[in-house]
Each structure stands twice: as structure tokens, then as C-alpha cells.
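The values are calculated or read from the model by the stated rules, or taken from the named source; none is laboratory data. Since this is a predicted model, take the numbers as computed values, not measurements. Cβ: placed from backbone, ideal geometry, glycine included. Neighbour counts: every protein chain shown.
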Amino acid sequence: MNDAILKTENLKKYFPVEAGFFKREKGQIRAVDGVSIQLKYGKTLGIVGETGCGKTTLAKLLVGLYKPTAGRIYYEGSKVLIRKDIQMVFQDPYNSLDPRMKINDTLKEGIIIHNIVESSKIRERLLELLDMVELPRVSLNRYPHEFSGGEKQRIAIARVLSCNPKLLICDEPVSSLDVSIQGKILHLLLELQQRLNLSYVFISHDILVVRAISDRIAVMYQGKIVEEGATGQVCENPSAEYTKQLMSAASYGKIAS
């Protein structure tokens, strides 16, 4: 049995660069340029790199928001992506939640669309989701603006869990939060992973954050993976010069702060 829940082969995504009155293509931006990764069941693969390296484009390819220019994505050995099983936690919880919808309606959307439970058990499922992300049950009757940034991200996580996914693509899920809150969200993600046997692709520009949650790390630079390996190996004995720069910058920032 294949122990990989997710695998990509030479994945590419190019965007055209247009110029002139007739918008003719003058070149291409190679946002993702031949990425091959593999994620085992119940594990976390961290993708780390600076802004503009192609991390978010890769995330959108993995959940089907972009179609690849070339290459293949396999989910559980198949080229067919199951949208219910693969969910995405976005960077900004402020913009990922509809301000006009109560949390009750936000959480039950996926449940209804994917027919997760029968209608008589929806409220029970909603309360269970709030318990999972450690929010009070009265949250169902509130609007997003009534919550802090960390609480909003917990709601966003509850929303993706409502579909009973197997794989979460986490795109900078803690970068917009205070440092004290980041640790709590990371701890929550780790607890949920163990409890629900989830697999994660965890994307961040901060290699120290990635190190805290990942089993393996892939370092991305200009659309390519320049180094990949076990977390300890990559962080303690990096081979790529770019990885060394990331570690040096992260360590300096930690000391300076």
C-alpha cells in the first residue's frame, strides 16, 4: 500500500506576462517550476521560503484553485482531487470569514453542501466543532467582528474540519497573529492532527514556525525546491546556501526580539 496521501511530479505553474496595446505575451512568470513533493499519511510537510517564492501558488495548485501548466498531482494514488477531503486554511482569518454571516451559518455551509450528517444532527456537529477548536458554544450566534484574530483563525479551522477532511493545506495560518497566539494555534493544529489523523502541508516564510510543526521540510526558492529532508536535518545541518540564510535570519530575529 502506498503510504503517501499526496504526491506531486514535476509540478509547474507559469503565468503569462503581457505588454503593449494588444496585450501580447512577452514572457512568463515561473511561479512553480518543477516541484516534486510527497506527504505521508498523518504527517506534516513544511514548505518554507520568502515572499514571492511560489509557496501560495503551490498551495492553490494542491487544492485545485489553479490548474497546473504541467506536471501531476496525486491524491491517495489517484489524479482525481477530492475537494471535500482537501481543505485550505488561509493566512488572513479577517478576510476568510464572511462578516455578514453568523458563525452558525459559516460552519454549517460545508456540512450541508457535502451532506456530512443528516439535518437533525447538524447542531450537534456544530457544537462538536466548537469544542474541537476550544471556543465557547455561544459563539454560534455571534458574528466574526466579535472575535479576536486568534479566535477567528480557530473558527476558520473549525469550518474546514466541518467537511471531515483528511488533508489540510495551511497557507501562512499564523503569520497575521501575535507571537503569543501563534503558539496556541500551532498547538491546536498538532492536537487536531493526532486526534483526527490529519495530514498537513504547512506553508510559512518563517522556518522556526515550520520547524515547530513539521516532520519534513521543503525549502522553496524562485519556484523550485532547493532542499528537502527531515526537519532536524534541514534546520541543524542545512546543505543549500539559501536554507542557511533562512536559518541565520530567523535566529537573528529571535535574538533581536
Note on segment 143-189: residues at positive phi and either basic (Lys, Arg) or out of contact with any strand residue (DSSP E or B) (no Cβ under 6 Å at 6 or more places or on another chain) (or both) are Asn164
A careful count of residues in segment 200-237 that are without any contact (Cβ under 8 Å) to a residue 40 or more places away in the chain and either closer than 22 Å to Glu9 by Cβ or touching a Leu at 6+ places or on another chain (Cβ under 9 Å) (or both) gives 8
How many residues of segment 137-187 are of a type in the set (D, E, K, R) and farther than 25 Å from Lys60 by Cβ? The answer is 6
Being in a helix (DSSP H, G or I), among the small types (Gly, Ala, Ser) and farther than 19 Å from Leu246 by Cβ narrows Ser176, Ser180 down to just Ser180
Every listed condition ((1) within 27 Å of Ala31 (Cβ to Cβ); (2) touching a Phe, Trp or Tyr at 6+ places or on another chain (Cβ under 8 Å); (3) crowded, with 18+ Cβ neighbours inside 10 Å; (4) among the polar types (S, T, N, Q)) holds for Gln91 save (2)
When every residue in segment 101-126 that is closer than 23 Å to Ile181 by Cα and of a type in the set (A, V, I, L, M) is compared, the one surrounded by the most Cβ atoms within 10 Å (Cβ to Cβ) is Ile103
Conditions (1) under 24 Å from Val179 (Cβ atoms); (2) surrounded by 13 or more Cβ atoms within 10 Å (Cβ to Cβ) -> Ser148 fails only (2)
Considering segment 159-176, residues that are surrounded by fewer than 24 Cβ atoms within 10 Å (Cβ to Cβ) and hydrophobic (A, V, I, L, M, F, W, C), and then whichever is farthest from Ile213 (Cα to Cα), we arrive at Cys163
Of the listed residues (Leu189, Leu177), the one being out of contact with any Phe, Trp or Tyr (no Cβ under 8 Å at 6 or more places or on another chain) and either over 19 Å from Gly42 (Cα atoms) or at pLDDT 95 or above (or both) is Leu177
The condition of being aliphatic (A, V, I, L, M), within 15 Å of the chain's Cα centre (by Cα), surrounded by 21 or more Cβ atoms within 10 Å (Cβ to Cβ) and not in a strand (DSSP E or B) holds, among Val210, Val201, only for Val210
Would segment 16-35 turn up any residue that is under 19 Å from the mean Cα position of the chain (by Cα), surrounded by fewer than 18 Cβ atoms within 10 Å (Cβ to Cβ) and assigned to a strand (DSSP E or B)? no
